[in-house]
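Starting off with a structure, shown below.
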Amino acid sequence: MTTGQAGTALGCSIPTVKKLMATGVIPGVRDVGRQVFPLAALQQLQACPAADLTALGTPEVAVLRSDAPARVEEADREWIGFGTVLDEAQLLAALSGWWRCDPARVAAGAVLPVTVAGFVVAVLTGLAEWEGDGTVGTAGRYRFPKARLAGYLTDLTAPANAATPSDPEDLRLAGLLLGTRLPSVSGGPIAYVPTTTTADRPATVVAEGE
């Protein structure tokens, strides 16, 4: 399948499909010459269930809309974004900040699903504490220094938690969310999704602006 055909089937744009392919979670992607999205993988993604957020027990949950991995020159991390090229420590550092968000609102959800192209590829917990970059107002960026990587995927077509969390609740949340579809809309990296949405009804989302 071409990236255009895959995008039409999945309901997303060609750049979004290419971003998903660049994370490494789609097996069988051809990177030499014209990019091709494997038909078998596409069919498996179309069958992915919607995330059942009603089991979370909070009014809403923040969602981190991630990009493919990119190198950065920062004191506490070398990468941002999500990708299978990163080990567990690199992935946690890449995903645990710095974002424009309402940190108290993120923490209130108790769990942070990480999505690429609307698919949950990682799950963060341990969000009770945060620190800011010192910027006043909505332009401030925050990170969660005690965040835990409850789970992540290396193959979206056969979802299996590549992490081994010791906390039973982390394990439960990862099992509930990994590999599901969780659509969200945001002008920035963080979106807020009501958990009253059921699996058979489209989500209503609240955008977090730049």
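The values are calculated or read from the model by the stated rules, or taken from the named source; none is laboratory data. Quick caveat, the model's predicted, so the values are computed rather than measured. Neighbour counts run over all protein chains shown; Cβ positions are idealised from the backbone, glycine included. The protein model used for the area step is the full one, side chains on, heavy atoms only, and it has no ligands, DNA or RNA in it. Shrake-Rupley method; radii C 1.70, N 1.55, O 1.52, S 1.80 Å.
Sort out which residues of the stretch 106-120 are of a type in the set (A, V, I, L, M) and touching a strand residue (DSSP E or B) at 6+ places or on another chain (Cβ under 6 Å), and write them in order of number.
Quick first cut of the stretch 106-120, residues of a type in the set (A, V, I, L, M) only: 106-108, 110-112, 114, 116-117, 120.
Passing the criteria: Val106, Val111, Leu112, Val114, Val120.
Right, something else. Looking at the stretch 30-45, is at least one residue assigned to a loop (DSSP other than H, G, I, E, B) and at pLDDT 95 or above? Working first, answer last.
Quick first cut of the stretch 30-45, residues assigned to a loop (DSSP other than H, G, I, E, B) only: 31-35, 37-38.
This time we only want the ones that are at pLDDT 95 or above, so: none.
For the stretch 30-45, residues assigned to a loop (DSSP other than H, G, I, E, B) and at pLDDT 95 or above: absent.
Taking the options Asp155, Asp200, name whichever one is modelled with pLDDT under 95, in a loop (DSSP other than H, G, I, E, B) and of a type in the set (D, E, K, R). Break it down into steps so the answer makes sense when it comes.
Working: Asp155 fails: modelled with pLDDT under 95.
Among Asp155, Asp200, only Asp200 is modelled with pLDDT under 95, in a loop (DSSP other than H, G, I, E, B) and of a type in the set (D, E, K, R).
Only one residue in Ala62, Ala94, Ala107, Ala122 is modelled with pLDDT of 95 or more, outside any loop (DSSP other than H, G, I, E, B), more than 18 Å from Leu178 (Cβ to Cβ) and touching a Leu at 6+ places or on another chain (Cβ under 9 Å). Which one?
Details: Ala62 fails: more than 18 Å from Leu178 (Cβ to Cβ); Ala94 fails: more than 18 Å from Leu178 (Cβ to Cβ); Ala122 fails: more than 18 Å from Leu178 (Cβ to Cβ).
When all the criteria are applied, what remains is Ala107.
On to the next question. It is to be established whether one or more residues within the stretch 70-82 are open to solvent by less than 40 Å² (accessible area, probe 1.4 Å), among the aromatic types (Phe, Trp, Tyr) and in contact with a strand residue (DSSP E or B) (Cβ under 6 Å, 6 or more places away or on another chain).
yes
Tally the residues that are open to solvent by 10 Å² or more (accessible area, probe 1.4 Å) and among the aliphatic types (A, V, I, L, M), restricting the search to the stretch 96-129.
6
Of the residues Pro49, Pro59, which single one is farther than 30 Å from Thr3 by Cα and surrounded by fewer than 17 Cβ atoms within 10 Å (Cβ to Cβ)? Lay out the reasoning, then the answer.
Working: Pro49 fails: farther than 30 Å from Thr3 by Cα.
Within the list Pro49, Pro59, the selection yields Pro59.
How many residues, within the stretch 168-186, are under 18 Å from Ala110 (Cβ atoms), among the aliphatic types (A, V, I, L, M) and surrounded by fewer than 18 Cβ atoms within 10 Å (Cβ to Cβ)?
Kept after step one, since they are under 18 Å from Ala110 (Cβ atoms), are these residues of the stretch 168-186: 168-178, 180, 182, 184.
Imposing the further condition that a residue be among the aliphatic types (A, V, I, L, M) reduces the set to 171, 173-174, 176-178, 182.
Narrowing the set further to residues that are surrounded by fewer than 18 Cβ atoms within 10 Å (Cβ to Cβ) leaves 171.
Summing the residues that are under 18 Å from Ala110 (Cβ atoms), among the aliphatic types (A, V, I, L, M) and surrounded by fewer than 18 Cβ atoms within 10 Å (Cβ to Cβ) in the stretch 168-186 gives 1.
Identify, from the list Pro145, Pro165, the residue that is over 17 Å from the mean Cα position of the chain (by Cα), open to solvent by less than 50 Å² (accessible area, probe 1.4 Å) and either hydrophobic (A, V, I, L, M, F, W, C) or more than 23 Å from Thr195 (Cα to Cα) (or both).
Details: Pro145 fails: open to solvent by less than 50 Å² (accessible area, probe 1.4 Å).
Exactly one residue qualifies, and that residue is Pro165.
Among residues belonging to the stretch 3-23 that are farther than 16 Å from Ala68 by Cβ and polar (S, T, N, Q), point out the one that is nearest to the chain's Cα centre (by Cα).
Taking the candidates together, the pick is Thr8.
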